[in-house]
Amino acid sequence: MPDPSFNVVSEVDLQEVKNAVHQATKEIATRFDFKGTGTEIVLIAPDLLEIRSETEQRLRAAVEVLEEKLVRRKVSLKALERGRIEEAARSTYKQQIRIVHGISKEKAKEIIKAVKDMRLKVQASAHGNVVRVTGKKKDDLQRVIQHLKTADFGVPLQFTNYR
């Protein structure tokens, strides 16, 4: 029988992101402070958003509305990679926001180091954008999960395939 194990992943439900964008767009269309500012949220790709507005302040307010909707739909704000605010055509402003999913090699190394620093009898290894943790005792694996939940790696973490 193989040793107990689990995977550490960073995934985002893109359907929930679409729903949040739709809700934020509806709110922006009805709010008085956004009237006449040309503020819009556009889903360019499944994991890329662009927010446009006539003023930088309205753009920031639109980002806040979007973040509020994402939080309500249980999408972690750690999954957002905000671009810088740029000037666009006709004296407008735009900002791109990328939805990051998967664990980068650098983050995987940080997670593996954190697991090894616990000095438990478990092994952690990176497999693409997933970190697999195996060990002889399920109690050790549960301690690792609790430790990783309290640590901040800058990405949302989920734990899957616990066996």
- The FRET efficiency for TYR162 and GLU54, from their Cβ-Cβ distance with R0 = 41 Å and rounded to 0.05, is 0.25
- Residue-ordered couplings for the range 72-83, obtained by feeding phi - 60° into the Karplus form 6.51 cos²θ - 1.76 cosθ + 1.60 and rounding to whole Hz (Gly and Pro as x), are 4, 9, 6, 9, 5, 6, 5, 7, 9, 10, 7, x
- Task: Roll a 1.4 Å probe over the protein chains and send me the accessible area per residue for the range 1-133 in Å².
- Result: 60 Å²
- To the nearest 0.05, the calculated FRET efficiency linking LYS136 and LEU77 through their beta-carbon distance, R0 being 41 Å, is 0.65
- Percent carbon-and-sulfur accessible area, the range 38-147, ignoring ligands, DNA and RNA, probe 1.4 Å: 46 percent
- Message: If the only charges are +1 at each Lys and Arg Cβ and -1 at each Asp and Glu Cβ, what is the size of the charge dipole of the range 38-163 around the Cα centre, to the nearest 20 debye?
- Response: 940 debye
- Of the candidates LEU80, ALA24, ALA114, the farthest towards the positive dipole end of the range 1-158 (Lys/Arg Cβ +1, Asp/Glu Cβ -1, centred on the Cα centre) is ALA114
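Given the rule -39500 (n - 2.57) for each run of at least 4 DSSP H residues, summed and divided by the residues of the chain, what is its mean residue ellipticity at 222 nm, to the nearest 500 deg cm²/dmol?
Values: 4 runs with 60 residues, N = 163.
Theoretical 222 nm ellipticity from helices: -12000 deg cm²/dmol.
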- By the scheme Lys and Arg +1, Asp and Glu -1, what is the net charge of all other residues having a beta-carbon under 13 Å from that of VAL9? 0
- List the residues whose amide H sits under 5 Å from the amide H of SER5, counting only those 5 or more places along or on another chain, with H placed 1.01 Å from N in the peptide plane. ARG163
- Just tell me which lysines come within less than 17 Å, Cα to Cα, of LYS121; anything on the same chain fewer than 8 places away is out. LYS113, LYS136, LYS137, LYS138
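The values are calculated or read from the model by the stated rules, or taken from the named source; none is laboratory data. Everything numeric here is computed off the predicted structure, so don't read it as measured data. In this analysis, Cβ positions are derived from the backbone assuming ideal geometry, glycine residues included, and neighbour counts consider all displayed protein chains. The area values use the complete protein model at the heavy-atom level, side chains included, leaving out ligands, DNA and RNA. Shrake-Rupley method; radii C 1.70, N 1.55, O 1.52, S 1.80 Å.
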